[in-house]
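The values are calculated or read from the model by the stated rules, or taken from the named source; none is laboratory data. As the structure is a prediction and not an experimental result, all values here were calculated from the model. Every residue, glycine as well, gets a Cβ built from its backbone with ideal geometry; the counts of neighbours run over all protein chains shown. With ligands, DNA and RNA removed, areas are computed over all heavy atoms of the protein, side chains included. Shrake-Rupley method; radii C 1.70, N 1.55, O 1.52, S 1.80 Å.
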Amino acid sequence: MNNMKNDFSKIKIDKSKLKLVSNRIEESEEISGVSLGYWKDSFRRLLHNKIATISLILIGFIFIFSIFITSTTPHSTVIEPQIKDPDTGQMISKKSLTSVPPRIKGLEWLGWFDGRVDKLLPKIALENEVKYPKDTYEIVECEEGNTGKEMCTIDLDVYKQNGIEQLYFTFGTDQLARDNWTRVWAGVRNSLAIGLLAAVFDIVMGVIYGSICGFYGGTKVDNIMMRFIEIYGSIPSIVLLILLLSFMDRGFGALIIALGLTGWIGVARMVRAQYLRYREHDFVLASRTIGASTKRLIFKHIFPNIIGQIVILATFSIPAAIFYEASLSFIGLGLPTDQASLGTLINNGITQRSVSAYLLWIPTIVLSIVMLAINLLANGLRDALDPRLRGR
Amino acid sequence: MKKVLSILFVLTLAILLAGCKGDKEISGSGMIQDVNVRRAISMAIDKAYYTDTILANESYPADYYIPYNFYGGIGDNGEGVDFRVRAEQVFGDFLPFTKYDMPAGSAESQSPSGYNHYNIEEAKQLWEDSRKRFGIEKDETVVFKMLVHNTASWTSLYDHVKAEIEKNLTGTKIKIISVTFGEKLDKAPTGDFDILFSGWGPDYMDPITYLDLFVTGNGHNNIHYSNPEYDYLINQAKIGAFQGQERLDAYVRAEKILLQDDVALLPIFQSNSVGLRRTQLQNFYTQSVGPDYILKWVSWDTTDDAWAAKEADLKAARIDGDETVLKLLETSKIPDMASFTTTDQVSFYNLAQINEGLMVAGNPQSNEQYLPGMAESYTVSEDGKVYTFTLREDQPWVKSDGTQYNNEVVTAEDFVFAWRKLADPRVASEYSYLLETIGVKGWEIAYEDVTDMTDAEIDTELAKLGVEATGEFELTVTLNTAADYFLGMMSFPSFYPVNEAFYTSLGEDYGKTLTPENLLYNGAYYLSNWDNNGHTLQKSDLYWDKDTVSIDKVIYELVESAEPEVQVQMYLDGDIDSVILRTGALVETYGARSDVRTTGSTTAWYLEFNINNH
Amino acid sequence: MLRYVWNRILMIFVTLFLILTINFLLLYLMPGSPFQNPRLTPSQRERIEDKYGLNDPVLVQYGRYMYKVSKLDFGGTIATNTYDDIFEEYIIDRLPLTAKIGGIALIIGTVIGITFGALAAIRRNSWLDNSVTVLGVIGVSIPSFVFAAILQEVFAINLDWLPLFYREANPDIGHSLKDQNLGMIMPIIALSVLPIASIMRYMRTELVEVFSSDYILLAQAKGLSKPAVIFKHAIRNALIPVITIIGPMAINLIAGSLVIERFFNIPGLSNSLVTFTLAKETYATLAINFFYSFMYVTVILIVDILYGVIDPRIRLASNSKLGLIGKLIKSIKRKFQSDNAGGEVNE
């Protein structure tokens, strides 16, 4: 835009190319373009933003996929897979399915999803062949360790070692033999649901509170309400979360309520500020003079103007809620571990990282992708919805 | 945009719907009253998977309550007998005991025996029968509430228990109620649970320390378990009605009632730990009761053969000329060093190094549990109720610079002062219950309501406590009942002496954090340095038994929030000399090294069934 | 004017009083007890709580506490005699270190953030701009505990370049001053990721907006050179709103981050705040909470007073007559009132 403006001076206009189309005033008032509503226009501009579109599709896909995966395999976030050995008809023991690294059929050549791990062991442990049969590993290198014993790095085929070569675990299994693939998707589902619902919760609360404040801006009501926000906001949110959670039965609902109750302040402040801004605008004043009711003023005139801001804020508060849930799992106050969330999975991964690094990296990468997508979508939405950025 | 919003809204609804199960859920708090339901649950859990695969630290999968390697009492031949060994002798004939195989390479090939061994078929049968008896429909799910505390290291256990029960007993659901430790203490007595996760370590060397918990009316009996026969056995044993093997057998019978007849508990495991420790460290063993280690007995192997070529730097750092140094990790601060008020393991542990009681824990290589410490000798009256200790006359009180305090030595009055502080209701020491445990005459004062009494009146009452200085170096203790664990308890920090004049000069500041000068020492070590980074124990040259003490300086580095992996890295970097491998993953990685050590413990971990549903 | 300031200071006392009251009530209602020794039976626990007056009626406890606070005694830890006066022995002791680490992280974040944000805006749609955008989003997308774990794994365990965590210099244990300084590097890096990312994004957006405004066009029209336009007009004006987000960020950074403290063994306030709260150490929690609130409210007050000083005139005067400081104050004020939108999480 600014480039175009700058270029005006260089344009030379040939008058002969111009002609008068019409001098009828009615015609010039007519709108020649297609009439677009605010939402339609915004959506059109959002779709013009390739990154935001891709992000939107990605989030939708991940969300639907996670619901699909978790609903087709019930209970599997808790119970290990029950698999029969096709040769013997016996159940495969839980032990053989424990901490199995990822393996994907046809992708073994990549080196990441081949079901093999590197391990550092003393040579004696290899020689007795109890735990590590000779054909399950290749020796990478051997050298003298610090305590004077010979230590060997081996490239171990865990599937062969456990005798489950016919199986493929896409994301591996964890220390309780639970399928990481299902758990990661359950984690995505739960984290996104927590994020979304907490965002809805704090938006609703924030909008109601902020609207009341904003509409009565400057009066005693507003003053008292803002003082309350100041007090409430000055309590560190982690303490507030701990306190709120201690009054409720831990779980999904409690987390959403607690996250919602700590997140609404920002929304309320923003909504109030927007109300104060629009209250003095001519169109509100005009309808007030005609005698519009308070209700009508709030909902018909002011609210539509700030809905764009609210949507943007909502999109930004989803990743915030997901982050907070992850932080809470870090101190043991997140979802119970039998209900996976990306936070609990990553925490478990941190404790297992020396043996099963994939338990840390896979949920981390998935979380980062989800956050990236939501943040990019939020950026796109801001560009599309913010009237100031229109046309740029 | 509206479309997107509505799609999101529909999806949100979809998740909520997906979260709701079609099955009808009913509470299991009625069913848990049934002994066969409890037995079914007990038999449905594969404990060996938890100990072998998740912990991987040679912990014993336990079908029993009183731990293995725990002194049970005196057998027929007049010698101490292991409780589990005796239990197997008594009931092994008519209860076919099944044992768990321990993983290859463990010290023992099989775990000790117990009751209600893992048996899926029988568990399923019992459960199906119970369902029929209670008239539970096919589509109904029975929900049991399991109350646990949210410490990260336990979550694997909770998930495992949940998964095993839900997998093996069809139509069950375990609802994990995860709260903070403090909240659990609050919630457990209210009885708002069906299953409760607990652990218990011994206070003293007698099975009573475990069995007393489930006597009717005991404050720790959260499940309100009550069985007249059980109460009879324990209460009679407590007042000394049974002696010798009879007493041991009474305990064995009581445990059987608790586990086999009533299935009040579901034992999970007896914890051991695997750690890395310098191979050159000698006599660094844990004790089953009391502080983990007694540094007095620990020494370095200084011979050249013991140290590998790559360890030359380390050796130079540890054995520096004549001074030997030991470096250890401390993961939590010492909160309080006043022996009569402190409550936590870190403080007790450190107090046991810097102060000494009447008795002292014995050298781990000998068979003696305890040796005379401040007491040079003692006599016991015939009924076992009056102990007279003759104290050493040459043990000075040492200041934090290693010199003697005011030319004072430890006297009988110092013990009397400390014990009265412990019993003083104005002090309200958390550990005053130990006075009741050993049964000192007049312990009731500790629990009395003294709001209406004057200080002088309280002091008169305290003077009636059964501890007396009958001479400058003679201490007489009078007990209500004879207890053979009394002497062992005398090595516990709560009973250590305190110098009255020194205490009075400081008041409440005595033993305060980070003030080594606010303490007096009479043990093998004294605190020469104590700050936010840790503390240093320096060998005391004025200690009566200083020739036994080998290590000159023990440096503790305080790293409060170190992850288990980081702790191991500190060991590998040579910052510390001993570390515990806290996760199965770490044992898997480092478990085959030559400096791995397994340490036993006598802490029992179990689930309690809420039998009397309040 | 003085009257206004006086009123505001009075108001702060009222606010702080209310904050203490609400916090006290919440902590009182929280289940649990500071005496968390599992060996104690409920009746023994109750007796000890009696001794400390924890079972008295809430009003009595509250009155006693407020009386102590009025003498500026915030109390200490209840269950242990670790701290007698939490404010004097704890906050004053610990604040300098977290303030130092947070301060350096903030400076790094600001310098790098502003530089790259500005470069990205100047060279819009170049590879630099794209990578700044991507890095910025990644920076706010990866949880800090993952970042801390990666740093520790790579630089301390695999490469062995930096110490595992922060250790105070202590010749007795064998840690030199060099170890201490090296130990601060990783926490500073981990802490500065969020400031870098958010300042970078903010700077870029603001500068782009400034570039499209009329006065830049005017400056160009006047024939000013490109660097002069950028440095004299654009960056100067874009900086004002950027500085406003640094204010709240600084409070967060000085207060410290729970995760970073846990990972790198930094004796800060956040970690203890969580520990104290979970242990129901009411007085210790209240003291740290009070300190946070005090910082927060004071910053708002300072902004408000400065704004109040200028207020009667700026309402009449047009924006252009304000000068840099006036604009700054105005935008800080706006920032505090309006969108704390992004609500950047620092946990």
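What is the protein assembly as shown by shape, rounded, prolate or oblate, if you read a ≥ b ≥ c off the alpha carbon gyration tensor as root eigenvalues and call it rounded for a/c under 1.5, prolate for a/b larger than b/c, and oblate otherwise? Here the protein assembly as shown falls in the prolate category.
Summing charges over all other residues whose Cβ lies under 11 Å from the Cβ of B:Ile195, with Lys and Arg as +1 and Asp and Glu as -1, gives +2.
Quick one: angle between helix A:252-279 and the longest Cα principal axis of chain A, in degrees between 0 and 90, rounded to 10, please. Tilt of helix A:252-279: around 20 degrees. The ratio of the alpha-carbon radius of gyration of segment B:89-223 to the globular-protein estimate 2.2 N^0.38 Å is 1.27.
The magnitude of the dipole of chain A, with charges of +1 and -1 set on the Cβ of Lys/Arg and Asp/Glu and taken from the Cα centre, is near 2300 debye.
Between segment C:73-104 and segment A:109-187, how far is it from one alpha carbon centroid to the other, in angstrom? Going from one Cα centre to the other spans 47 Å.
Hull volume per residue, based on the alpha-carbon atoms of segment A:284-392 and their convex hull, is 132 Å³. The radius of gyration of the Cα set in segment A:211-271, together with its Dmax, comes out at 13.5, 40 angstrom.
Taking amide hydrogens as placed 1.01 Å from N in the peptide plane, the amide H of B:Thr98 sits under 5 Å from those of B:Gly114, each at least 5 positions away in sequence or on another chain. The helix-based estimate of mean residue ellipticity at 222 nm for chain B, built from -39,500 (n - 2.57) per DSSP H run of four or more residues and divided by its residue count, is -8000 deg cm²/dmol to the nearest 500. Accessible surface buried by the A/B pair amounts to about 4200 Å², both sides summed, 1.4 Å probe. Rolled with a 1.4 Å probe across the full set of protein chains, the surface gives A:Arg288 an accessible area near 110 Å². With R₀ fixed at 35 Å, the C-beta to C-beta distance from B:Ile257 to B:Ser366 puts the FRET efficiency at about 0.45. Per residue, the protein assembly as shown exposes 43 Å² of accessible surface when a 1.4 Å probe is rolled over the protein heavy atoms with every protein chain present.
Debye-formula intensities of chain B, expressed as log10 I(q)/I(0) at q = 0.09, 0.12 Å⁻¹, are -0.82, -1.35 (one equal scatterer per alpha-carbon, no solvent). Amide H to amide H, with H built 1.01 Å from N, B:Gly73 comes under 5 Å of B:Val81, counting only residues 5 or more places away or on other chains. Taking GluC sites (Glu not before Pro) as exposed when DSSP calls them loop and at most 13 other C-beta atoms lie within 10 angstrom, chain A has its longest site-free stretch at A:166-279.
Couplings 3J(HN,Hα) for segment B:295-311, derived from phi with the Karplus relation 6.51 cos²θ - 1.76 cosθ + 1.60 (θ = phi - 60°), are 5, 3, 8, 7, 8, 8, 7, 8, 5, 5, 4, 5, 9, 6, 4, 6, 9 Hz, where x marks Gly and Pro.
Going from most exposed to least, what order do B:Phe417, C:Phe17 have by accessible area with a 1.4 Å probe?
Per-residue accessible area, sorted high to low, gives C:Phe17, B:Phe417.
Other residues whose C-beta falls under 12 angstrom from the C-beta of B:Thr454 contribute a net charge of -4, scoring Lys and Arg +1 and Asp and Glu -1. Whole Å is fine, so just give me how far the alpha carbon centre of segment B:365-391 lies from that of segment B:198-213. Each part reduced to its Cα centre gives a spacing of 23 Å.
Summing both sides, how much accessible area is buried between A and C? Use a 1.4 Å probe and give Å² to the nearest 100.
Protein heavy atoms only, the A-C interface buries about 4800 Å².
Beta bridges assigned by DSSP with both partners in the protein assembly as shown are antiparallel in approximately 80 percent of cases. The trypsin sites (Lys or Arg not before Pro) of segment B:91-160 that DSSP puts in a loop, and whose beta carbon has at most 10 other beta carbons within 10 Å, are B:Lys138. For chain A, the 222 nm mean residue ellipticity estimated from helices alone, with every DSSP H stretch of n ≥ 4 adding -39500 (n - 2.57) and the total spread over all residues, rounds to -18500 deg cm²/dmol.
Converting phi to 3J(HN,Hα) with the Karplus coefficients 6.51, -1.76 and 1.60 and the offset θ = phi - 60°, segment A:306-322 yields 9, 4, x, 4, 5, 4, 4, 4, 4, 5, 6, 7, 5, x, 4, 5, 4 Hz in sequence order, with x at every glycine or proline.
Of the GluC sites (Glu not before Pro) in segment B:295-388, the ones in a loop by DSSP (not H, G, I, E or B) with at most 10 other beta carbons within 10 Å are B:Glu368, B:Glu382. Of all DSSP-defined beta bridges confined to chain B, some 75% are antiparallel rather than parallel.
Between segment A:294-344 and segment C:224-239, the alpha-carbon centres lie 38 Å apart.
With a 1.4 Å probe rolled over the protein heavy atoms of all chains, the accessible area of C:Ser131, A:Ser71, C:Ser141, A:Ser16 falls in the order A:Ser16, A:Ser71, C:Ser131, C:Ser141, largest first. Residue pairs exceeding 27 angstrom between C-alpha atoms, taken from A:Lys149/C:Lys178; A:Lys119/B:Lys553; A:Lys12/C:Lys222: A:Lys149/C:Lys178; A:Lys119/B:Lys553.
For the protein assembly as shown, which whole percent of the accessible surface, found with a 1.4 angstrom probe, sits on carbon and sulfur atoms?
57
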